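Take a look at the structure set out below.
What follows is calculated from the coordinates using simple rules that are stated; it is not laboratory data. These numbers were taken from a predicted model, which means no experiment stands behind them. Glycine gets a Cβ as well: all are built from the backbone with ideal geometry, and neighbour counts include every protein chain shown.
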């Protein structure tokens, strides 16, 4: 189903739109128009829906045996009533969007905004939502989700180009009972920024984690104050992690590196697909002491260790870790202690469960989402 607000068009304006958008195409008719505020120059914005199908049922945009022509959404810019600019926004063809034939399109329009939500699938159900700024044209937010209707598998992610941040979640069924889910994994998506031309700073594409559990996740110990400790993490496409750590009490003289303040890097060869029983993944843990020493701590951490350098600026520890490549599955942990006798708190970029590859977070190449690491939203 496609939902839009229908507003009447004056005959002259309707003829204007048909002449502009429907020239040489048949069938082609205006089925809806919605005001969308104004651009920066004060010109009126309108979103017009065209019906290019001969099908009369508005819930469907195709007919068996015919080419799926569907619907189009266009942005019109008007000045003193006349169309001065047009842009194709969406081409929609609801053929059921999957074997169940339950495909759905939902459109919402506000001032300088358009949001398109769609869903479909069969036993595997999926949904996707994108929000655009209309002028200047830019993708602002995206989200995706999927669900296995015969079991406990669920997953989803979201990304904002306005804040350059995103999150994800996944539930994996228990190996003993496919209808029972293991604890949900949540993560802060770690964007991969281009290393070429980088000045080595953290830049905009970072993930921030603090001890108060307001950003990131406290996975051991109790939440405290944000000032107790935290970190910012960035990852380049050369496989280099940049981590800036702050702490209220630095400890680096304990009897063991485990009891010092340190970083833990958890990786797996690929991101979990939720099939924990069918496709086990080897997980590796490296312990990174803040003197730069590297310790193979768990699992598959047997290959060449990452290269590490540590520096201090204004009581901030800057840790540079050369992983050698960008892992699909990655969780960064800061282990904080105040007395050197026990770990007080572990804060992480995902809801890490010790030794469980399916609890690791995920990285995201920004090029796959249509942009690079920049404070301005990518233009399409």
Quick one: 88, 75, 190, fewest Cβ neighbours within 10 Å first, how do they rank?
88, 75, 190
Any idea how far apart residue 163 and residue 256 come out in nm if each label point goes 7 Å out from Cα toward Cβ?
3.8
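Would you mind classifying the range 185-368 by shape? Square roots of the alpha carbon gyration tensor eigenvalues, ordered a ≥ b ≥ c; an a/c under 1.5 is rounded, otherwise it is prolate if a/b is larger than b/c and oblate if not.
Values: a/c = 1.42, a/b = 1.19, b/c = 1.19.
The shape class here is rounded.
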Could you tell me whether the range 141-185 comes out rounded, prolate or oblate from its Cα gyration tensor? Rule is a ≥ b ≥ c as square roots of the eigenvalues, rounded for a/c under 1.5, then prolate if a/b exceeds b/c, otherwise oblate.
oblate
Fewest-first ranking of 217, 334, 354, 169, using other Cβ atoms within 10 Å as the exposure measure:
354, 169, 217, 334
Multiply the residue separation of residue 99 and residue 325 by 0.36 nm, subtract the distance between their alpha-carbon atoms, and state the gained length in nm to one decimal.
77.5 nm
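Give the order of 338, 204 when sorted by the count of other beta carbons within 10 angstrom, beginning with the fewest. Present the calculation step by step, with values, prior to reporting the outcome.
Working: 338 17, 204 14.
Ordered by Cβ neighbours within 10 Å, fewest first: 204, 338.
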Taking 0.36 nm per residue of separation between residue 150 and residue 35 and subtracting their Cα-Cα distance, the length gained on full extension comes to 37.2 nm
